[in-house]
Structures are given as C-alpha cells and as structure tokens.
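Encoded as structure tokens, the structure appears first; notes follow it.
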Amino acid sequence: MKTFWICLSLATTSFAEEKPQEPVKELEGAAIAIHSPNSSVIIIDPKARAKDIAQAFSALRKEKPTTKVILQTMDSSLYGVTDIKPTEGGTLLFIKVLSNQGATMHIVPVEQVMEIHYSP
C-alpha cells in the first residue's frame, strides 16, 4: 500500500509541476514579438512606426516627385498626399493633402495607416 501511495503522490507532483506554455516574447529594436502555439502578435512602438511612415513617404517623393502618393487607412484612402509629419508623441500623423479645393490637413492615428504607395 505504501508503494502505491508513493507512486500516486509522485505522479500528481510531476503533473502539478507542468505549467501551461507561456507565450514566447522577443525584444528587438522598437518591436516586441509574442508567439504562442495558436497565434503571433507583434507590438510596435508607435513613435517608431510614425517615423517609418514619414520615411517611406519621403523615399516615395524623392524617387518620383511628380507622382501622386496615396495613403490608405483602415476605412478610407487619402489621394494626393503632399506631406506627412508625426506628432511629438508619435501616435498621430499630420497628413497634408492637395486637391482641387486647395490643401487640407488630416490627422490620422498611426495604427490606422495600412499602406502608402503611388497613385496608379
């Protein structure tokens, strides 16, 4: 009977020590990647993302200065973007758009920006 009790207590002890797998976190630069068995999430510093968007816009304008640039958000597209400046906090972007009615300023949260590209 003692042998059975020792085996049973060892079995429950070993099961109790097994913990569910924690998501793996990796830190590199301005982003944190979290991986779990079912999904992956990357958390990007908004300030770094805002700088990346502004840098991408500058690169597009430098390559083809006369071609119109489109900034696509989750719910709309801004055509004829002429300037993009991030706020000091880096969570918002000031986007200047030139149209037939003149220049207009749009303020867009960084997380809303999906894509920036040339107009077809």
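The values are calculated or read from the model by the stated rules, or taken from the named source; none is laboratory data. Given the structure is predicted, the values throughout are model-derived calculations rather than measurements. Here Cβ is always computed from backbone atoms with ideal geometry, including for glycine, and neighbour counts include all displayed protein chains.
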Within region 93-114, the count of residues that are under 11 Å from residue 53 (Cβ atoms) and either buried (at least 16 other Cβ atoms within 10 Å of the Cβ) or free of Cβ contacts under 8 Å to residues at least 24 places away in the same chain (or both) comes to 5
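Consider region 94-114. How many of its residues are under 19 Å from the mean Cα position of the chain (by Cα) and either closer than 11 Å to residue 71 by Cα or among the acidic types (Asp, Glu) (or both)? If you could, list the steps in order and put the result at the bottom.
Narrowing region 94-114 to residues under 19 Å from the mean Cα position of the chain (by Cα): 94-95, 107-114.
Now narrow it down to the ones that are either closer than 11 Å to residue 71 by Cα or among the acidic types (Asp, Glu) (or both): 95, 108, 111-114.
Looking only at that region, the number is 6.
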Just to be sure, is residue 54 closer than 25 Å to residue 32 by Cα and among the small types (Gly, Ala, Ser)?
yes
Kindly establish whether residue 54 is among the small types (Gly, Ala, Ser), at pLDDT 95 or above and either surrounded by 10 or more Cβ atoms within 10 Å (Cβ to Cβ) or touching a helix residue (DSSP H, G or I) at 6+ places or on another chain (Cβ under 6 Å) (or both).
yes
Where the second residue is in a helix (DSSP H, G or I) and among the charged types (D, E, K, R) and the first is closer than 13 Å to residue 119 by Cα and lies in region 57-69, which pairs have Cβ atoms under 6 Å and are six or more apart or on separate chains?
none
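Can you give me the number of residues within region 80-99 that are under 16 Å from residue 45 (Cα atoms) and either assigned to a strand (DSSP E or B) or small (Gly, Ala, Ser) (or both)?
Within region 80-99, the first condition is being under 16 Å from residue 45 (Cα atoms), and the residues that meet it are 86-93.
Restricting the remaining residues to those that are either assigned to a strand (DSSP E or B) or small (Gly, Ala, Ser) (or both) gives 86, 89-90, 92-93.
The total comes to 5.
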Given the residues 63, 26, 17, which is the only one that is modelled with pLDDT under 80 and within 30 Å of residue 89 (Cβ to Cβ)?
26
